[in-house]
1. Please compute the alpha carbon radius of gyration of region 43-201, then divide it by the globular-protein estimate 2.2 N^0.38 Å. Two decimals is fine.
2. If you place +1 on the Cβ of every Lys and Arg and -1 on the Cβ of every Asp and Glu, how big does the dipole about the Cα centre of region 81-185 come out, in debye to the nearest 20?
3. Which lysines have a Cα less than 18 Å from the Cα of residue 34, not counting those fewer than 8 places away in the same chain?
4. Could you compute the longest span of the chain free of trypsin sites (Lys or Arg not before Pro) located in DSSP loops and having at most 11 other Cβ atoms within 10 Å, not counting the site residues?
5. Please compute the modelled spin-label separation between residue 38 and residue 2, points set 7 Å along Cα→Cβ, answer in nm with one decimal.
6. Which value, in Å² rounded to 10, gives the accessible area of residue 49 with a 1.4 Å probe and all protein chains present?
7. Which residue fluctuates most in the GNM of the chain (Cα springs below 10 Å): 115, 156, 24?
8. Given the DSSP H assignment, sum -39500 (n - 2.57) over each helix run of at least 4 residues in the chain and divide by its residue total; what's the result at 222 nm in deg cm²/dmol, nearest 500?
Amino acid sequence: MRVVIAGGHGKIARHLERRLAANGDEAVGIIRNKDHVADLREVSAEPAVLDLEDATVDEVAAVLDGADAAVFAAGAGPGSGVPRKETVDRGAAVLFADAAERAGVRRFVQVSAMGTDGPFDEDALGEVFAAYLRAKAAAEGDLRRRDLDWTILRPGGLTDDEATEMVQLAESTPRGEVPRDDVAAVLVALLSDDLAFRRTLELTSGNTPVAEAVSRL
């Protein structure tokens, strides 16, 4: 497969790129900072330097041309404020889906977050995190209306622990944590499978091997 990943320098994305390369697939990572080119090449990914906050649909569609799948794994990051939650976590996701449609890339996997069903209580969550969840929820809503073979994946709390390859994957799961590398393992399995189209799935660490968890869907 040729897979184009938005947010190509993110931690989940780099795990995903490494796993795709190990499978003999081709990963293309969209990055906005040219200083990150070498990091992508270290994991055998092809870098595409493009800022999704400023790019046009045609520019992004050109990167997606000929791809078998698109993965949106971008995020404004924990140090960003409310405005960038809107421009990246919602706006860039919408742009990427627009570009996928224009390029004819039907398979689209969007990395979201648990908690996007609300409520978005700023007093309990804080202004920035509430804005983040609202932006992710809006991006999910936009994707659901599209005629794409989409899957929305909502991981729990992300850690940098080593992958266990054991997960809990369902339309609803209790809150929990999951290593980023296990998220990447699930993404690879979803990209290789056609059973999770037009579904929203929650993911945490669990007791089921990744391949079995996906096949159960």
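1. Compared with the compact-globule rule of thumb, region 43-201 sits at 1.02.
2. 540
3. 11
4. 1-144
5. Taking the simple label geometry, residue 2 and residue 38 are separated by 2.8 nm.
6. We get 80 Å² for residue 49.
7. Judging by the Gaussian network model, the answer is 24.
8. That calculation yields -10500 deg cm²/dmol at 222 nm.
The values are calculated or read from the model by the stated rules, or taken from the named source; none is laboratory data. Source: prediction; values computed, not measured. All Cβ positions, glycine included, derive from the backbone under ideal geometry; neighbour counts span all protein chains shown. Heads up: the accessible areas ignore ligands, DNA and RNA and are worked out on the full protein's heavy atoms, side chains in. Shrake-Rupley method; radii C 1.70, N 1.55, O 1.52, S 1.80 Å.
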